[in-house]
Amino acid sequence: MAGNKSLRTAERTKEDEFYTQLTDIEKELRHYKQHFRGKTILCNCDDPFESNFFKYFVLNFNRLGLKKLLATCYSGSPIANQQLSIFDVLGTGEENTNKPYKAIVTQVYDQTDDGGVDMLDVAELFKNGVNELVELTGDGDFRSEECIALMDESDIVVTNPPFSLFREYVSTLLEHNKHFIIIGSQNAITYKEFFPLLMQNKVWLGYGNGDMAFRVPEYFEPRETRFWVDEEGQKWRSMGNIAWYTNLDIRKRHEEMILVKKYSEEDYPKYDNIDAIEVSKVADIPLDYDGVMGVPITFMYKYNPEQFEIVNALNRYILFGCDELNEDIKERHSHACNINGKATYFRVLIKNKRPEEVKK
């Protein structure tokens, strides 16, 4: 039984090996700089010498005013130590066997006297014992006791967690009251375990969304679309439904959506079994409607909790069951998202908190 579990875990890990580009990380994290000063950052799905999350924070350690940077990697990572292994850094001469380890950084400065700070300086600071790089006793799984202890020590967790474990990863973060900035599929909005967190304003979307390219290991099989090999032989995969998720307050969350459309029965049909209107495009949300509206999941990128209330969500067949529902739509209905018998895609149910009165 344990053997089968290990095999499933290893297979899932292989499928989760997507490595984020530094440019994508920089583009998103520039919006959170005010949150980082004086804080301990944890990257708990990140090989310190392969992860661009670790690279971003260690090379910007002083500029961001970090207190400490922690990073851990999983033992099954197929690209761990390809560029610079723990044994190169510590000078042990041992062979790399993909062992997991943790990095603890408290100081970053020009150790090589070349006028700047780069990853060679970081390696030297590990060698000299200024910072700590040690092997983990377990496999580096984010759910392991020693990795949870590092999570408890940290203030903010920032990483690209395994896509297949996204639900469990977020649950672990919230269980330990962590602030976080993480990458996930846009489809996570529709997960029955995750959507209530959005509705209750425990999690919201960051700035970046849509198409993103990821570096993938050599073993990844070629695909007809969204796959290529660059001039250096590195394999790449892109995904068109990527989103950043966070529970740190950001300016975008308080920007009011400008509404220009007016409600009419002809333009906004009602669902067959729910007293709510269909709004097929976010840009078409009517400014004067005070009832419940079904909108696409892309609404979540523009969601301002001061302007709108998230009431619930519909999938093609059933109303989501959440405790904090308005009384008028509390019952479950089959084919709830249908219009004239035709199913629509997942819809977020919202209400405008301040609908405008339009003069006739």
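The values are calculated or read from the model by the stated rules, or taken from the named source; none is laboratory data. Nothing here was measured: the structure is a model prediction, and the numbers come from that model. We place every Cβ from the backbone using ideal geometry, glycine too, and count neighbours over all the protein chains shown. Side chains included, ligands, DNA and RNA excluded: accessible areas come from the protein's heavy atoms. Shrake-Rupley method; radii C 1.70, N 1.55, O 1.52, S 1.80 Å.
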Meets criteria (open to solvent by 50 Å² or more (accessible area, probe 1.4 Å) and either touching a Pro at 6+ places or on another chain (Cβ under 6 Å) or over 20 Å from Asp47 (Cβ atoms) (or both)) for Gly116: no
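So if I check each of Tyr263, Tyr245, which one is in contact (Cβ under 8 Å) with a residue 12 or more places away in the chain and open to solvent by 30 Å² or more (accessible area, probe 1.4 Å)? Steps first, please.
Working: Tyr245 fails: open to solvent by 30 Å² or more (accessible area, probe 1.4 Å).
Matching residue, one of Tyr263, Tyr245: Tyr263.
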For the range 157-178, enumerate the residues that are of a type in the set (A, V, I, L, M, F, W, C) and either under 10 Å from the mean Cα position of the chain (by Cα) or assigned to a helix (DSSP H, G or I) (or both). Val158, Phe163, Leu165, Phe166, Val170, Leu173, Leu174
Can you find a residue that is more than 23 Å from Thr159 (Cα to Cα), at pLDDT below 95 and not small (Gly, Ala, Ser) anywhere in the range 232-249? yes
Does the range 312-323 include one or more residues that are at pLDDT 95 or above, closer than 22 Å to Arg354 by Cβ and in contact with a strand residue (DSSP E or B) (Cβ under 6 Å, 6 or more places away or on another chain)? no
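Go through the range 150-170 and count every residue that is touching a helix residue (DSSP H, G or I) at 6+ places or on another chain (Cβ under 9 Å) and farther than 13 Å from Ile242 by Cβ. Walk me through it before giving the result.
To start, the set of residues in the range 150-170 that are touching a helix residue (DSSP H, G or I) at 6+ places or on another chain (Cβ under 9 Å) comprises 151, 155-167, 170.
Filter once more, so that each one left must be farther than 13 Å from Ile242 by Cβ: 151, 155-159, 162, 164-165, 167, 170.
Adding up the residues that qualify gives 11.
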Test Leu150 against the stated conditions and say whether it is of a type outside the set (Ser, Thr, Tyr), in contact (Cβ under 8 Å) with a residue 60 or more places away in the chain and open to solvent by less than 60 Å² (accessible area, probe 1.4 Å). yes
Got a sec? Which of Pro296, Pro305 is more than 17 Å from Ile277 (Cα to Cα) and either at pLDDT 75 or above or of a type in the set (Val, Ile, Thr) (or both)? Pro305
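Which one of Val134, Val130 is assigned to a strand (DSSP E or B) and surrounded by fewer than 17 Cβ atoms within 10 Å (Cβ to Cβ)?
Working: Val130 fails: assigned to a strand (DSSP E or B).
The conditions single out Val134.
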